[in-house]
Amino acid sequence: MFRNLWKWIIIPLLLVTVGIVIVIYTVNNPTDSLVARVLTYSNVLRALSEHMSLMLVSMFGAILVGGLVGILLSRPELYYLGRGVENIVNIGQTIPSLAILALFYTILGLGFRVAVFALFLYSILPILRNTFAGITSVDTSVIESAKGMGMSPFRILAKIELPIAYPIIIAGIRTAVVINVGAATLATFIGGGGFGDLIVTGLSVRRDMVIFTGAGLAALTAIILDYIIGQVEQRLVRWS
């Protein structure tokens, strides 16, 4: 019981405490008046709220759409189409996140919703790829045995394919979350806000403490989320 408590509560709590200490220290120990005006509690909390909003909204859509499309393309009648889409997704993953944001800026303009849409498309890629790969990697003999028992395609998907593929799907979500949190710092360039505002402000006024605060909090957010999803992934692997 203590081991589970340590994994699920104490370690994340320690990481959150580190973030709180960073904020308290930087706000209460400014190197000059300019840093004091930039690094206020209201500014830091606003950046945190915007960053989490960008991540949560875009990831919700990416998990929903990427998972459903991955399941659809894994069906036998669409298998070869799925392979083609998988190759396109792999190519799309090589495009820098800043290029994705810049592309949608030229098409849709500035704003929070534009940044969410760009992050949503960028986060779909690993989820769709892992969902498709996880389901199609299920041993065909298991599928044939289920068919021989009279199970419908939907029951095979729900009772056999998805449970076996869960660890791979969760790994894709884990990758997407980390990519999303990092890419969200670039949303500031198209008016999306987030921790990127602090980083860019620090660069413009040449104050390392402001840059460190924005980058450090973004990195810590990614570490916390990656750790929590990693624990979920391990549970699913044991369960499978």
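No value in this document is a laboratory result; all are computed from the given coordinates. Only a predicted model underlies this, so the values are computations on that prediction, with no experimental measurement involved. Counting neighbours? That spans all protein chains shown, and the Cβs are built from the backbone with ideal geometry, glycine included.
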Self-check item: Exposure proxy order (Cβ contacts within 10 Å, fewest to most) of M149, M59
Solution: M149, M59
Self-check item: Simple label model, 7 Å out from Cα along Cβ direction - N28 to Y227, nm
Solution: 2.3
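Quick check on the exposure proxy: order V89, V232 from fewest to most C-beta atoms within 10 angstrom. Walk me through the numbers before you get to the answer.
On the way: V89 20, V232 15.
Going from sparsest to densest Cβ surroundings: V232, V89.
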Practice problem: Run through every distinct alpha carbon pair of region 141-240 and return the Kirkwood hydrodynamic radius in angstroms, one decimal place. | Solution: 16.4
Exercise. Could you run the Debye sum over the Cα atoms of region 31-170, one equal point scatterer each and no solvent, and tell me log10 of I(q)/I(0) at q = 0.10, 0.17 Å⁻¹, two decimals?
Key: -0.49, -0.96
Quiz item: Going out from 0 in 10 Å bins, what whole percent of all Cα-Cα distances in the chain drops into each bin?
Solution: 7, 26, 28, 21, 11, 4, 1, 0
Quiz item: Add -39500 (n - 2.57) for each DSSP H run of 4 or more in the chain, then divide by its residues: what number comes out at 222 nm, to the nearest 500 deg cm²/dmol?
Solution: -26500 deg cm²/dmol
Practice problem: Provide the FRET efficiency to the nearest 0.05 for the V142-R75 pair, computing r from the beta carbons and using R0 = 22 Å. | Solution: 0.85
Quiz item: Residue separation times 0.36 nm, minus the C-alpha to C-alpha distance between L110 and T94: what's the value?
Solution: 3.4 nm
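Could you give the alpha-carbon Rg of region 23-101 over 2.2 N^0.38 Å, rounded to two decimals?
Details: Rg = 21.1 Å, N = 79, 2.2 N^0.38 = 11.6 Å.
Normalised Rg, Cα atoms only: 1.82.
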Self-check item: Extended-chain gain in nm, criterion 0.36 nm per residue less alpha-carbon gap, R235 and R155
Solution: 26.5 nm
